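To keep things clear, I will list the structure first and then write my remarks on it.
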Amino acid sequence: MESFKDRFFKLLAEVEKPARYSGGEWNTPDMDKPRKADMCFCFPELYEIGMSNLGVQILYDIINADKDFVAERCFAPAQDLADRLRAENIPLLSIETKKPLKDFTVLGFSIGFELLYTNVLYMLDLAGIPFLAKDRGEDYPILLAGGPCSVNPEPFADFFDVIVCGEGEEADIAILRAVADGREKGLSKAEILANIKNIEGAYVPSLKKDGETVKKAVVRDFENAPFPRRPLVPNIETVHDRAVLELYRGCGSGCRFCQAGFWYRPIRERSAESLADIGKDMIDSAGFSEMSLCSLSTGDYSELQRLEELLVPFCNEKHINLALPSLRISSFKSDMVRQSRRSSLTFAPEAGTQRLRNVINKNVTDEEIENLAEAFEVGYESIKLYFMLGLPTETDEDIAGIAEICKKLKNLYYLKRRKRGLNISVSCAVFIPKPCTPFQWEAQISFDEMLRRQQYLRGLLREIKGVSFSWHGAETSVLEASLARGDRRQSALLIRAYELGAKFDAWTESFNWDIWKQAFSDCGLSVDEYIRERGADEVLPWDFIDTGVSKKYLRRERDMGYAGITTKNCRDGCNACGANRFGRCSIC
């Protein structure tokens with residue numbers, strides 16, 4: 001195996017932020033131990049984003065804790081390094097040992113967002129690895145994909161040998177062991193893949209048969225599931241530069257647009273005592289100045305008060321900021337935030353009127369929004385509010401309701417503080433119909449209608465002093481919707497878009513809508529075909545994945561949404577969605 005280490009390090013003097021690629025982070029595991037097999041975790045984004053990904057940190061820690069295996073990392077390099085690698089004929093290398101990606105036993109890609117798809121091809125191209133699984137022989141590693149986009153893996157299925165649908169903590173180790181054992185026995189790649197197919201959550205696209213289902217992988221014993229107590233400390237500032245505690249997985253709110261809320265069911269909590277123990281170890285081993293309590297709706301965690309009792313004295317002693325990044329308005333209490341030293345709070349009402357919040361099952365009332373005034377009493381002077389435009393049945397009256405909420409909060413702030421200094425940041429995404437949600441059948445609003453609604457709201461908010469407004473691009477929203485509900489034909493689309501120059505599509509300065517329009521045209525595909533409304537009986541590309549939540553339940557929820565009928569939070573009683581087949585829900 002050729003060593004590229006010395007030549008690679010010479011290049012780092014010529015690129016921006018060389019610490020992205022140098023390795024040697026504090027808490028790096030032993031890379032010199034004997035290894036039956038190794039895996040390189042590939043995150044198709046820049047280092048400072050990938051190092052903020054909790055899933056990668058968890059899986060990296062699990063594999064390196066195993067006596068037989070070693071995990072390394074690789075992130076998508078910035079263009080300046082990519083250009084230098086090509087000029088010097090150096091393939092893409094791992095961070096830890098500077099080993100070429102094509103020399104690993106397994107390459108595992110974590111794909112969390114549809115606009116990362118072309119970055120997967122970018123990394124494979126730099127690594128000298130053929131894009132299509134059918135073009136890779138025995139000398140190439142087995143390519144594995146996982147992450148949130150595994151809810152519908154069909155657009156990228158042709159690129160991978162195996163896709164883990166669901167949670168990877170147990171599946172990744174089982175797959176790595178199957179590969180190591182198979183190679184020790186002299187099995188071919190095809191024979192190894194046939195064995196992997198029997199692992200829960202493992203989808204082998206080349207072996208898919210009509211009528212077969214893939215059961216989503218779920219960590220059933222979440223209380224005792226491994227979690228990194230000695231997390232890697234990044235070499236440079238990252239997007240989320242802090243210790244992160246995952247309180248629970250899943251969500252009981254049942255918001256009808258939210259993929260994660262249904263995909264990660266059943267709800268599984270970790271006890272306050274275990275979380276406090278893990279959190280203290282993380283701070284002591286890594287030296288972070290902030291600890292974030294993370295989940296889809298942190299305020300819903302059943303032992304939140306107990307956890308704060310265990311952590312607040314420790315955080316005060318160590319001068320650690322205890323952050324609550326995700327709060328549901330209906331679960332907000334001022335006691336939750338008294339210990340947080342942040343200057344602002346973040347909430348997601350999602351819709352401007354009670355009528356539309358009922359449609360989407362966002363169980364937030366106008367009275368509960370008014371209760372946010374409690375935050376002003378404890379000193380908060382800034383609030384971030386997240387909404388969506390283009391939700392099913394939305395009207396201009398619903399959009400105007402967003403401005404009315406801002407006015408109401410400004411008035412409440414004045415009543416509580418007797419001054420007019422409240423800053424409100426309003427951010428609006430465009431609704432994207434996602435698989436595994438009650439709205440997976442919906443059409444996305446047209447491109448022109450997106451622009452009209454954005455400008456309408458912009459005009460309303462401009463009249464309110466102290467309110468800033470940001471919105472997601474219409475073009476990227478259309479592309480995300482197209483890929484989210486895509487099918488196997490899109491592998492050719494992704495390759496063509498990459499050939500035309502598409503990469504880092506999540507970055508405004510890199511995204512080029514003209515490239516994607518050309519790619520759709522060249523492949524004989526239409527954007528409209530993917531963003532249209534789907535029929536109730538239509539076979540959907542992702543129907544073969546058993547997510548636990550039944551399609552019948554999702555359809556019933558959609559019908560209830562159009563009727564304006566809400567569904568109670570799972571924490572108030574089981575709604576029989578079907579997810580308990582995958583393990584007992586912590587709150588049932």
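The values are calculated or read from the model by the stated rules, or taken from the named source; none is laboratory data. A quick note: this is a predicted structure, and the numbers were derived from the prediction, not measured. For neighbour counting, all protein chains shown are included, and Cβ atoms are generated from backbone atoms with ideal geometry for every residue, glycine included. In case anyone asks, the SASA skips ligands and DNA or RNA and just uses the protein heavy atoms, side chains included. Shrake-Rupley method; radii C 1.70, N 1.55, O 1.52, S 1.80 Å.
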For Lys17 and Arg489, what does the FRET efficiency come to when R0 = 45 Å and r is the distance between their Cβ atoms, rounded to the nearest 0.05? 0.75
Taking the Cα centre of region 102-256 as origin, work out the dipole magnitude from +1 charges on Lys and Arg Cβ and -1 charges on Asp and Glu Cβ, in debye rounded to 20. 240
In degrees between 0 and 90, to the nearest 10, how far off the longest principal axis of the chain does helix 304-318 point, with axes built from Cα atoms? 70
Give me the extension gain from Leu415 to Glu200: residue separation times 0.36 nm, minus the current Cα-Cα distance, reported in nm with one decimal. 71.8 nm
Which order do you get for Arg84, Arg558, Arg230, Arg458 if you rank them by accessible area with a 1.4 Å probe, largest at the top? Arg230, Arg458, Arg84, Arg558
Can you pull the percent of region 451-532's accessible area that's carbon plus sulfur, 1.4 Å probe, other chains left in place? 48
Where the chain is the region considered: accessible area per residue in Å², 1.4 Å probe: 40
Whole-Å distance linking the alpha carbon centroid of region 181-204 with that of region 97-147 is 18
Any chance you could give the angle, 0 to 90 degrees and rounded to 10, that helix 117-127 forms with the longest Cα principal axis of the chain? 30
Given the whole protein assembly as supplied and a 1.4 Å probe, what does the accessible area of Ser425 come to in Å², nearest 10? 40
Shape call for region 445-588 from the C-alpha gyration tensor, a ≥ b ≥ c root eigenvalues: rounded (a/c under 1.5), prolate (a/b greater than b/c) or oblate? oblate
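For region 544-588, give the percent of accessible area contributed by carbon and sulfur heavy atoms, probe 1.4 Å, rounded to a whole number.
Exposed carbon and sulfur together represent 54 percent of the surface.
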How much net charge surrounds Phe75 when only other residues with a Cβ under 13 Å from its Cβ are counted (Lys, Arg +1; Asp, Glu -1)? -2
What net charge do the residues around Ala443 carry, taking every other residue with its C-beta under 9 Å from that of Ala443, with Lys and Arg at +1 and Asp and Glu at -1? 0
Radius, Kirkwood style, for region 180-330 when every pair of distinct Cα atoms is counted (Å): 18.3
Over region 1-157, what is the relative contact order in whole percent, taking alpha-carbon pairs under 8 Å and six or more residues apart? 25
Report the full-extension gain for the segment Glu368 to Asp32: residue separation times 0.36 nm, less the Cα-Cα distance, to one decimal in nm. 115.4 nm
Solvent-accessible surface (1.4 angstrom probe) belonging to Leu324, in square angstrom, nearest 10: 20
Prolate/oblate/rounded call for region 97-193, Cα gyration tensor, a/c under 1.5 rounded: oblate
If R0 is 25 Å, what FRET efficiency do you get for Ser382 and His319 from their C-beta distance, rounded to 0.05? 0.65
Expressed as a rounded percentage, what relative contact order does region 53-112 have, with Cα pairs under 8 Å and six or more residues apart? 23
Carbon/sulfur fraction of accessible area - region 379-439, other protein chains in place, 1.4 Å, %: 47
Convex hull over the alpha-carbon atoms of region 178-228: what's its volume per residue in Å³? 108
Sequence gap at least 6, Cα distance under 8 Å: using those rules, report the relative contact order of the chain to the nearest whole percent. 14
For every helix of n ≥ 4 consecutive DSSP H residues, a contribution of -39,500 (n - 2.57) applies; sum these over the chain, divide by its total residues, and give [θ] at 222 nm rounded to the nearest 500 deg cm²/dmol. -10500 deg cm²/dmol
Counting Lys and Arg as +1 and Asp and Glu as -1, what is the net charge of the other residues whose Cβ lies under 13 Å from the Cβ of Lys33? -4
May I ask for log10 I(q)/I(0) of the chain at q = 0.06, 0.10 Å⁻¹, from a Debye sum over the Cα atoms as equal point scatterers with solvent left out? -0.31, -0.92
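If you average 1/r over every pair of different alpha-carbon atoms in region 212-301 and take one over that average, what Kirkwood value in Å do you get?
Computed over Cα pairs of region 212-301, the Kirkwood hydrodynamic radius comes out at 14.7 Å.
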How big is region 3-102 along each principal axis, measuring the range of its Cα positions in Å and listing the largest first? 38, 28, 23
Where labels lie 7 Å past Cα in the beta-carbon direction, separation of Glu138 and Glu184 in nm: 1.9
With all protein chains in place and a 1.4 Å probe, Arg489 shows an accessible area in Å² (nearest 10) of 110
Which distance in Å, rounded to a whole number, links the C-alpha centroids of region 550-588 and region 3-44? 45
Please determine, in degrees from 0 to 90 and to the nearest 10, the orientation of helix 54-65 with respect to the longest principal axis defined by the Cα atoms of the chain, where the helix direction is its Cα long axis. 40
Projected label distance in nm at Arg230 and Asp284, using a 7 Å step from Cα toward the beta-carbon: 1.3
Could you pull out the GluC sites (Glu not before Pro) across region 237-276 that fall in loop regions by DSSP (anything but H, G, I, E, B) with no more than 13 other Cβ atoms inside 10 Å? Glu237
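Seen from all sides and averaged, what is the projected area of the convex hull of the Cα atoms in region 374-486, in nm²? Intermediate results must be reported in sequence, preceding the final value.
Working: hull surface 31.6 nm².
Answer in nm², one decimal: 7.9.
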Where does each of Glu480, Glu223, Glu16 land when they are ordered by accessible area, with a 1.4 Å probe and the largest first? Glu16, Glu223, Glu480
R0 = 45 Å: FRET efficiency of Asn575 with Asn89, Cβ-based, nearest 0.05? 0.20
Specify the inter-centroid distance of region 237-291 and region 375-438, based on alpha-carbon positions, in whole Å. 25
